[in-house]
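Asker: Let me begin by handing over the structure; questions about it come next.
FYI, it's all coordinate maths here, none of it is from the lab. Given the structure is predicted, the values throughout are model-derived calculations rather than measurements. Cβ placement follows ideal geometry from the backbone for every residue including glycine, while neighbour counts extend to all protein chains displayed.
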Amino acid sequence: MLTENRPLFSYSSASIRYVCVHDLAGAHMALQVADQAGYAGCVGLLSPQGAVAFMGVGWWQALVSALAESASRTFVHVLDCGSSPAGALMALRCGQQAAILRPQNPQYEAVSALYAQQKAELLPQRPSSFNFIMPLSGISSLVGYFAHGYCQHQHPENNVPDTRQKKDCSI
């Protein structure tokens, strides 16, 4: 199994390029494109925002397990629990080593302490990522992301590059 289900702090945050994946096909494609682009760093797979509430911990664990069986490279994965401390705790209990929980939640500190006790990482916000949604029309943009990291520093909620042509409106 090639998945790296271990704390993210073992990697430099600058060496991880995150891709938000919505299904197994997209996750496979993200890893394949990283290989094709010659990206030597760590690939981080990120669940959709708040996925624990509408897809569940079991869905994410099944996706990652299925991917790990056929993946040609290592990767880390992060489950977004939104503002659900129960979801974050369920994920930890199921072996998830990296999750996101909004710090505005009153139970954040308690959940964070449990994650630290298990040597897992609880992130207070989503890292910058490339939001990869099939169909495959976005592959050239994903190649650019791995090859050049062009959208690495964008705001996490606006992580799809603008590919529209700019018009000269001065005329």
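Asker: Which of the peptides 126-133, 60-67 is most tightly packed, and how do the rest follow, judged by the mean count of other Cβ atoms within 10 Å per residue?
Answerer: The densest-packed peptide leads the list: 126-133, 60-67.
Asker: Continuing with this model, one more query. Taking 7 Å along the Cα-to-C-beta vector as the label spot, tell me the Lys119-Ser70 distance in nanometres, rounded to one decimal.
Answerer: The modelled label-to-label distance comes out at 3.2 nm.
Asker: Also, quick follow-up: Kindly rank 90-97, 110-117 from highest to lowest mean number of other beta carbons found within 10 Å of each residue.
Answerer: Descending packing order for the listed peptides: 90-97, 110-117.
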